[in-house]
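Coordinate-derived values only; no laboratory data. Quick caveat: nothing in here was measured; it's all calculated off a predicted structure. Quick reminder, even Gly has a Cβ in these numbers, built from the backbone with ideal geometry, and neighbours come from all protein chains shown.
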Amino acid sequence: MTVTTDEQRANLIEAGQHLAAVLRALEEAVAPGVTTESLDDLAEKMIRDFGDEPCFLGYTPEGAGRPYPATLCVSINDEIVHGIPNEIHKVLSEGDIVGLDLGLSHKGVIVDAAITVAVGKVSDDSRRLMDVTKAALDAGIAAAKPGRHIGDISHAIQLEIEKAGFKVVRELGGHGVGDRVHEEPFIPNYGRAGEGEELTEGMVLALEPISAAGKAGVILAPDGYTYRTKDGSRSAHFEHTILIEKEGARIITQ
Ligand code: MG
């Protein structure tokens, strides 16, 4: 989506505030013993209480064989993204790291964001993986300015993850958002500065670095959605929807 009117911009900002509030509540709800289904229920209830619509529920991404069955994606430890919270009974355990990825539609504007949260006390390695991936998102956002290119975002994210000794999961990446859940351009989490489409004022993008602690190969589970690391190493994921403005990126989902 490209924002061209004050009304679109206001709706986008409201949408982002709603999504941020839901993610904060989910983060607070995460604890050992909590089921993934209860997190999904909480997300759906809060979104509907705002008068908004969950936009992953019933959505069929390109290449998927069936619509996504839940509001929230919950990806635990070696699950990279798109973990389904409400089909298999899953309970969070002390020491897990859990990715929470959520999209909603508010007045027709779609926003998308994700966080990775520690369940109780986690290992130093897991903490560092999360911190580095969050820092990679911040670096990508800092690189997103009018006149710069998609490759500047990609490169900034890659540098942050790889300098820490972690791997970029290359099969997945960021994307345009706003009118639909996934729009052009695709935003790889690796690449060269200066390459790719030029960023212009009004562009709405979802930046989402996805990292792995070990090798970065992925396996798609038989459920058709859950991506895991091939080597069983842990993965972290952070995402914001941003709006490209004259001075730089405005973070919409915080
Ligand atoms: Mg996304």
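Computed about its Cα centre, the charge dipole of the range 205-254 is approximately 180 debye, with only Lys, Arg, Asp and Glu carrying charge at their Cβ. With the helix formula -39500 (n - 2.57) applied to DSSP H stretches of n ≥ 4, the chain reaches a computed 222 nm mean residue ellipticity of -9500 deg cm²/dmol. How would you classify the range 1-70 from its alpha-carbon gyration tensor, with a ≥ b ≥ c the square roots of the eigenvalues: rounded for a/c under 1.5, else prolate if a/b is greater than b/c, otherwise oblate? Oblate is the answer for the range 1-70, as a/c is 1.5 or above yet b/c matches or exceeds a/b. Our note on the geometry: Cα centres of the range 136-158 and the range 70-123, 24 Å apart.
Work out the FRET efficiency for ARG192 and LYS215 from their Cβ-Cβ distance, taking R0 = 30 Å, and round it to the nearest 0.05. Efficiency, from the Cβ-Cβ distance: 0.85. Projected over all directions and averaged, the alpha-carbon convex hull of the range 110-232 occupies 8.3 nm². Size descriptor for the range 42-111, Kirkwood hydrodynamic radius: 13.1 Å (Cα pairs only, one decimal).
Shown is the FRET efficiency for ARG128 and ILE88, computed with R0 = 30 Å from the Cβ-Cβ distance and rounded to the nearest 0.05: 0.55. Evaluated with a Cβ-only charge set (Lys, Arg +1; Asp, Glu -1), the chain carries a dipole of roughly 560 debye about its Cα centre, given to the nearest 20. Of the two radii for the chain, the radius of gyration is 0.94 times the Kirkwood radius, both from the alpha carbons; that is the Rg over Rh value. Note on the range 88-164: percent of Cα-Cα distances in each 10 Å bin, starting at 0 and stopping at the bin with the largest distance, equals 17, 33, 34, 15, 2.
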